[in-house]
1. With the Cα gyration tensor of the stretch 75-166 in hand, convert its eigenvalues to equivalent ellipsoid semi-axes via √(5λ) and list them largest first in whole Å.
2. How high is the FRET efficiency between residue 165 and residue 105 when r is their beta carbon distance and R₀ equals 22 Å, given to the nearest 0.05?
3. Residue-wise, which Karplus ³J(HN,Hα) couplings in Hz belong to the stretch 127-144, taking 6.51 cos²θ - 1.76 cosθ + 1.60, θ = phi - 60°, and x for glycine or proline?
4. What is the distance, in nm, between label points placed 7 Å from the Cα along the Cα-to-Cβ direction at residue 46 and at residue 60?
5. Report the FRET efficiency, 1/(1 + (r/R0)^6), for residue 1 and residue 153, where r is their Cβ-Cβ distance and R0 is 30 Å, rounded to 0.05.
6. Can you tell me the accessible area per residue over the chain, all protein chains present, probe 1.4 angstrom, in square angstrom?
7. What percentage of all Cα-Cα pairs in the stretch 40-94 are separated by more than 20 Å?
8. If I take every Cα pair under 8 Å that is 6 or more residues apart in the chain, average their sequence separation and divide by the length, what percent do I get for the relative contact order?
Amino acid sequence: MTTITPIRLTIEPLTREAFAPFGDVIQADDTVKHFTINEGNTERYHDLAHVDPGPDGRAIVSIFRGLPRSLPFTVTMMERHPKASQAFIPLSGRPYLVVVARAESTPTVDDLRVFLCTGEQGVNYARGVWHHPLLGLDAVSDFLIVDRAGPGDNCDVVQMEAPSIIPELG
């Protein structure tokens, strides 16, 4: 039996520009449209993600509570939602990782990108974008999820042809 050496992945900081091929970064900052509402009491950061429930779906809101992952971490599978987008907004203020690959074809190790997200940044995976399930760090973390409910299967899972390693931070 042949042993396959895992490929070491590079962790990138999450920016709107770097993540654009995979969806949206959800973050309140001065680079997005914002304005004051509620008699000056609230700043609204407006239209931060393209929520796409698909033609026969409806948008739903859930909370996912994820156990922390330990680094180094081996990526052996990826998933995608072909019918709709899926947004993850952290509620616990802790950093987390996202692993993504473009929607065009089944991902290979060479297609994977890893982003380090702060506890103030959410992501919205565009319809069909491959991603790894929740990768919380440090402690149990809650995420507000906006995704699709509706007819048909909306989750494809693939096993990677070769493992890859997300190294320790630092």
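1. Whole-Å semi-axes of the equivalent ellipsoid: 21, 18, 10.
2. For residue 165 and residue 105, the calculated efficiency is 0.45.
3. Computed from phi, the couplings for the stretch 127-144 are 3, x, 5, 6, 8, 8, x, 2, 10, x, 10, 6, 7, 4, 9, 9, 10, 7 Hz.
4. Distance between label points: 3.1 nm.
5. Taking R0 as 30 Å, the efficiency between residue 1 and residue 153 is 0.35.
6. 54
7. In whole percent, the share of Cα-Cα pairs in the stretch 40-94 beyond 20 Å is 51.
8. Relative contact order of the chain: 37 percent.
The values are calculated or read from the model by the stated rules, or taken from the named source; none is laboratory data. Remember, it's a predicted structure, so these values are computed and weren't measured experimentally. Cβ atoms come from the backbone with ideal geometry, glycine included; neighbour counts cover every protein chain shown. Surface accessibility is based on the protein's heavy atoms, side chains included, excluding ligands, DNA and RNA. Shrake-Rupley method; radii C 1.70, N 1.55, O 1.52, S 1.80 Å.
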